[in-house]
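What follows is a set of notes on a single structure, which appears directly below.
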Amino acid sequence: MVDSVFAPWDDSDQKPLIRFRNVTKRFGDFTAIDNLTLDIFAQEFFALLGPSGCGKTTMMRMLAGFENPTKGAIELAGQDIAGVPPNKRAVNMMFQSYALFPHLTVQDNIAFGLRRESRDSNFISERVSEMLKLTRLEKFARRKPHQISGGQRQRVALARSLAKAPKLLLLDEPLGALDAKLREATQFELMDIQEKTGTTFVIVTHDQEEAMTVASRVAVMDEGRIMQVATPEKIYEAPNSVYVADFIGDVNIIPGTAKAAGPDHYEIDWAEGREPLHAISKKDFAEGQSCHLAIRPEKVAIHAEHPAADNAVLGKVLDIAYLGNLSTYHVQLPTGEIIKAQVANTRRVSRRDYTWEDQVWVSWTKTTGVLLDQ
Amino acid sequence: MTRLSLFNVVSLTFGFVFLYVPMLILVIYSFNKSKLVTVWAGFSTKWYSELLANDAFLDAAWVTVKVAVLSSSIATVLGTMAAYVLVRGGRFFGRTLFSGMIYAPLVMPEVITGLSLLLLFIGMGLDRGVLTIVLAHTTFSMCFVSVVVSSRLMTFDNSLEEAALDLGASPLDAFRLVTLPIIAPAVISGWLLAFTLSLDDLVIASFTSGPSATTLPMKIWSSVRLGVSPEINALSTILIAMVTIGVVAASLASKQAALRAKRDEQKAARMT
Amino acid sequence: MGQLDKNDRRAAGPMKRAILIAMPYTWLLALFLIPFAVVFKISLSDIELSIPPYTPTMKDGLWNMLSRLDFENFVFLTQDDLYWKAYVSSLRIALISTVLTLVVGYPIAYAMARAPEQWRPTLLMLVILPFWTSFLIRVYAWIGILSNEGFLNKFLLWIGLINEPLTILNTNAAVFIGIVYTYLPFMILPIYSALDRLDGSLIEAAEDLGCSRIKAFWLITIPLSRNGIIAGCFLVFIPALGEFVIPSLLGGSGTLMIGKVLFEEFFSNRDWPVASAVAVVLLLILIIPIVLFQRNEQKQAEADT
């Protein structure tokens with residue numbers, strides 16, 4: 001029996017846990033969130049991704065209860081939560097600065113939320129032990145925050161926010177303060193914990209690699225609007241706009257005009273007197289409509305001779321970026337545009353086939369490019 | 001490790017000599033057997049015994065301490081509220097007036113505050129005594145407390161309060177369990193400041209006190225207007241000694257705490 | 001999670017907030033602002049041999065009272081030499097004292113800011129200690145030092161610098177010394193704090209670009225510590241203007257300061273209306289510096305965030 005793929009957003013019977021409905025948030029003259037509608041389903045690991053100022057943190061704070069929408073409604077489990085103060089929501093937040101109470105021990109920090117619910121002390125101490133075990137902090141239970149390292153403080157913040165088993169956990173740039181190695185390990189730890197506890201996680205981040213690694217779905221935001229919501233694969237392989245294509249990973253964008261050349265097949269005029277490029281696109285383009293062809297560098301091959309391919313263009317190697325395992329060739333086309341071709345370094349650098357100033361051909365198939373209208 | 005230039009060393013030395021020599025002279029002459037400043041007649045503690053036998057002084061001291069404790073405690077509560085409102089309160093009706101009223105007493109000459117309060121009390125028909133002095137001292141102390149506490153609140157990480165709310169604490173609980181313990185040192189400094197200001201106040205007490213309530217500064221004032229008095233020297237020495245012990249103790253305690261915190265952080269950093 | 005009535009939820013928070021604001025606010029309105037109104041009203045009244053020693057009072061009826069108020073006392077202030085001389089003299093003395101305090105205090109603050117890191121807490125403590133000591137006592141100490149038979153004269157005679165004791169006590173000079181001495185910590189602390197925040201690499205950059213030590217000081221250090229200087233000056237000037245204790249203890253009968261005049265008008269002459277008028281005028285003179293001071297503090301606070 002094949003494991004069913006986790007995709008409640010495709011299932012019309014599933015009711016979302018969180019609904020943003022035409023939510024607008026203004027601070028004075030500044031519109032932080034502009035008429036936003038979004039559904040987030042239970043048990044998702046949902047990422048809000050975007051540059052600073054795009055509104056992702058505002059959305060999170062509205063979910064937590066520290067801001068209220070100017071217009072529109074936010075529903076949690078079917079109930080409108082506008083006006084519900086943060087201390088009365090079944091939502092907990094892991095703060096970017098961790099916000100650990102410096103005057104309390106690790107275990108008192110974790111127990112804080114439980115104590116506010118006035119549970120009996122047995123329940124509280126059991127739950128705290130559970131959380132300490134989950135985040136591997138048993139040895140540090142009696143220490144104060146300034147007596148433990150940064151990575152451990154992050155785990156205390158996580159344990160504290162999970163202690164009350166909230167329906168929804170908000171994580172505000174949780175891995176920003178960690179160094180690269182620790183960040184990677186913690187990403188997988190977070191995913192494990194999310195699966196184990198079955199909590200819905202909403203993470204806010206500006207790091208697209210992080211979003212792609214941990215999330216079941218990513219919402220790419222810009223200036224208060226959601227540009228695209230999809231799984232990481234779809235976002236990467238099928239971005240819906242130049243903005244999204246450019247935001248995630250590296251991409252080559254070639255502007256041109258589209259001409260129909262068969263079912264789902266378009267020819268793109270991109271430069272005077274050059275062979276048109278070919279792309280397959282399910283989207284409809286009118287005759288002569290301006291469009292952008294997006295191709296990921298790793299999908300661009302590089303050749304010494306004109307290859308037999310759907311798309312092939314001649315150019316000169318302008319620059320080579322050496323990344324150890326990969327090389328990115330910046331190939332300048334006669335029109336002045338630069339195409340990036342990323343190739344794995346299967347041979348040593350000294351035995352490279354191509355070098356600076358070489359005349360090369362770059363090619364890609366007609367299915368690997370994405371034709372975008374905006 | 002920066003080395004100080006000669007100019008700087010001279011400045012510091014001159015500065016501190018200037019600040020401390022007058023107090024040192026008071027202390028030395030409090031042990032002078034002779035009444036006169038000019039003649040050193042030998043070491044004696046008789047002025048201390050005369051002072052401690054002087055009922056008027058002791059009564060005044062008691063009144064002063066009572067007033068100081070009461071006014072500084074009320075002032076600390078009100079001042080902390082005012083600080084919280086100013087830093088976290090956002091916009092509200094009459095905010096400019098409020099902040100003006102908080103900051104003005106810091107620089108207002110005492111004769112004006114004293115005069116205005118006395119006229120108010122008379123207009124209200126209040127008998128002047130300990131109550132009126134306490135009211136007066138609370139009013140101006142509250143502003144100093146507010147300044148101290150609000151400067152601490154401004155550097156206080158707001159996300160700690162938000163975290164408390166997020167975890168289910170009511171706003172009052174969040175203040176009580178998280179904010180207050182963390183800003184406690186500032187609140188205590190505020191209290192100490194209010195206490196000292198009250199203890200030391202002459203002008204406002206003169207205006208607002210009554211026949212039954214003479215404070216220590218008022219007693220000192222009536223003595224020193226006639227010139228140098230060795231009893232006052234003795235009293236001064238006692239007060240200076242108390243303050244010195246207090247300040248040095250507080251300074252050492254905070255140094256210790258800072259060292260300990262540093263050591264803890266270094267230990268933590270060495271762990272993974 | 002029960003569903004509270006929307007109105008309940010909204011009402012609880014703002015009510016508590018209103019109480020929190022109201023308590024200190026009402027206290028200050030009642031005991032700070034209203035007294036000023038009372039002073040103003042009495043400054044418009046006439047002196048009377050009664051208790052209270054002014055007329056009219058509320059007992060005469062509100063309308064009656066309002067119609068009998070006049071600016072007679074203010075006119076009197078302009079006519080009698082004493083008052084406007086005292087105002088001018090106070091301004092002069094406060095100004096000179098502020099400058100003197102700045103000249104004495106800045107080098108000390110500067111030296112503290114340049115001192116090795118481990119000395120600083122001790123140096124700060126040494127500056128703050130006099131601040132916590134009784135102001136009255138510290139001023140009193142100078143009586144024994146500055147009098148004709150006092151410590152200073154004895155010392156100067158002893159080392160042979162002078163032949164006759166200098167008359168310092170009961171002159172304006174003693175008042176200057178007194179003000180500088182008492183208010184010195186108020187000048188040192190803001191300047192020290194501004195200098196402490198100064199980035200040392202700025203001076204190094206200036207010297208690297210060819211500035212001499214002294215020039216770097218004038219062109220970089222002083223302007224950047226401007227806020228501290230301004231704060232310190234206000235903290236000395238404004239209270240010094242209304243000083244009472246120092247001119248009374250250290251100054252002479254020729255030392256005219258408005259705080260002293262006010263106190264004497266009130267307690268000796270028992271002319272409360274005139275004393276109130278003096279207070280009102282002093283307050284008006286002070287409003288501009290106070291507003292400027294508050295603006296400066298606000299700018300500082302905004303710059304820090």
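The values are calculated or read from the model by the stated rules, or taken from the named source; none is laboratory data. These numbers were taken from a predicted model, which means no experiment stands behind them. Cβ coordinates were reconstructed from backbone atoms using ideal geometry, including for glycine residues, and neighbour counts include every protein chain displayed.
Values computed for the structure shown
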{"quantity": "Subset of region C:201-224 (residues that are within 16 Å of C:TYR110 (Cβ to Cβ) and of a type in the set (D, E, K, R))", "calculated": "C:ARG213, C:LYS215"}
{"quantity": "Within region B:211-231, considering residues that are under 14 Å from B:ASN54 (Cβ atoms) and part of a loop (DSSP other than H, G, I, E, B), the one farthest from the chain's Cα centre (by Cα)", "calculated": "B:SER229"}
{"quantity": "Check on B:THR179, more than 8 Å from every other protein chain (Cβ to nearest Cβ), under 25 Å from the mean Cα position of the chain (by Cα) and β-branched (Val, Ile, Thr)", "calculated": "yes"}
{"quantity": "All strands (runs of 3 or more DSSP E) inside region A:1-88 with 1 or more residues being assigned by TED's automatic domain parsing to the domain that holds A:TYR236 and in contact with a Pro (Cβ under 6 Å, 6 or more places away or on another chain)", "calculated": "A:18-27, A:30-40"}
{"quantity": "Residue in region B:53-86 that is surrounded by the most Cβ atoms within 10 Å (Cβ to Cβ), counting only those that are within 10 Å of another protein chain (Cβ to nearest Cβ) and β-branched (Val, Ile, Thr)", "calculated": "B:THR80"}
{"quantity": "Residue check, B:LEU118 at pLDDT 85 or above and surrounded by 18 or more Cβ atoms within 10 Å (Cβ to Cβ)", "calculated": "yes"}
{"quantity": "Yes/no for A:THR37 being under 15 Å from A:ALA219 (Cα atoms) and either among the polar types (S, T, N, Q) or surrounded by fewer than 18 Cβ atoms within 10 Å (Cβ to Cβ) (or both)", "calculated": "yes"}
{"quantity": "Scope region C:17-34; condition within 7 Å of another protein chain (Cβ to nearest Cβ) and among the hydroxyl-bearing types (Ser, Thr, Tyr); matching residues", "calculated": "C:TYR25"}
{"quantity": "Flag for A:ARG127 being in contact with a Gly (Cβ under 9 Å, 6 or more places away or on another chain), more than 18 Å from A:ASP207 (Cβ to Cβ) and surrounded by fewer than 21 Cβ atoms within 10 Å (Cβ to Cβ)", "calculated": "no"}
{"quantity": "Tally of residues being more than 18 Å from B:LEU165 (Cβ to Cβ) and out of contact with any Gly (no Cβ under 8 Å at 6 or more places or on another chain) across region A:157-180", "calculated": "9"}
{"quantity": "When residues of region A:106-123 are limited to those that are outside any helix (DSSP H, G or I) and surrounded by 11 or more Cβ atoms within 10 Å (Cβ to Cβ), the one nearest to the other protein chains (Cβ to nearest Cβ)", "calculated": "A:GLU117"}
{"quantity": "Single match in B:PHE57, B:PHE7, B:PHE31, B:PHE18 (criterion: at pLDDT 90 or above and aromatic (Phe, Trp, Tyr))", "calculated": "B:PHE18"}
{"quantity": "Options B:SER222, B:SER170, B:SER209: the member that is of a type in the set (S, T, N, Q) and within 14 Å of chain A (Cβ to nearest Cβ)", "calculated": "B:SER170"}
{"quantity": "Some residue of region A:323-336 being touching a residue at least 40 places away in the same chain (Cβ under 8 Å), assigned by TED's automatic domain parsing to the domain that holds A:THR368, more than 25 Å from A:ASP373 (Cβ to Cβ) and polar (S, T, N, Q)", "calculated": "yes"}
{"quantity": "Boolean, C:VAL127 is at the interface with chain B (Cβ under 9 Å from one of its Cβ atoms) and either within 20 Å of B:PHE18 (Cα to Cα) or part of a helix (DSSP H, G or I) (or both)", "calculated": "yes"}
{"quantity": "Lone unmet requirement of (1) crowded, with 20+ Cβ neighbours inside 10 Å; (2) of a type in the set (Ser, Thr, Tyr); (3) within 28 Å of C:GLN294 (Cβ to Cβ) for B:THR155", "calculated": "(1)"}
{"quantity": "Within region B:105-116, considering residues that are facing another protein chain (nearest Cβ under 7 Å), more than 17 Å from B:SER151 (Cβ to Cβ) and of a type in the set (A, V, I, L, M), the one farthest from the chain's Cα centre (by Cα)", "calculated": "B:LEU115"}
{"quantity": "Cross-chain or 6+ apart pairs with Cβ under 8 Å, region B:38-62 first and within 30 Å of B:VAL130 (Cα to Cα), then assigned to a helix (DSSP H, G or I) and of a type in the set (Lys, Arg)", "calculated": "B:ALA56/B:LYS219; B:PHE57/B:LYS219; B:ALA60/B:LYS219"}
{"quantity": "Criterion violated by A:LEU162 - all others in (1) out of contact with any His (no Cβ under 9 Å at 6 or more places or on another chain); (2) closer than 17 Å to A:SER97 by Cα; (3) away from chain B (no Cβ under 13 Å) satisfied", "calculated": "(3)"}
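Condition check ((1) within 16 Å of A:GLU44 (Cα to Cα); (2) crowded, with 21+ Cβ neighbours inside 10 Å; (3) in contact with a Lys or Arg (Cβ under 7 Å, 6 or more places away or on another chain)) across all residues:
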position	(1), (2), (3)
A:PHE188	yes, no, no
A:GLN194	yes, yes, no
A:VAL204	yes, yes, yes
A:GLN208	no, no, no
A:ASP222	no, no, no
A:PRO239	no, yes, no
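Here is a yes/no grid of residues against (1) out of contact with any Gly (no Cβ under 6 Å at 6 or more places or on another chain); (2) over 19 Å from C:PHE237 (Cβ atoms); (3) touching a residue at least 60 places away in the same chain (Cβ under 8 Å):
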| residue | (1), (2), (3) |
| --- | --- |
| C:THR182 | yes, no, yes |
| C:MET187 | no, no, yes |
| C:TYR192 | yes, no, yes |
| C:ARG197 | yes, yes, no |
| C:ILE214 | yes, yes, no |
| C:TRP218 | yes, yes, no |
| C:THR221 | yes, yes, yes |
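Per-residue answers, yes or no, for (1) at pLDDT 85 or above; (2) away from chain C (no Cβ under 11 Å):
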site: B:LEU193; (1), (2): yes, no
site: B:SER198; (1), (2): yes, yes
site: B:VAL203; (1), (2): yes, no
site: B:PRO217; (1), (2): yes, no
site: B:LEU239; (1), (2): yes, no
site: B:ILE245; (1), (2): yes, no
site: B:ARG263; (1), (2): yes, yes
site: B:ALA268; (1), (2): no, yes
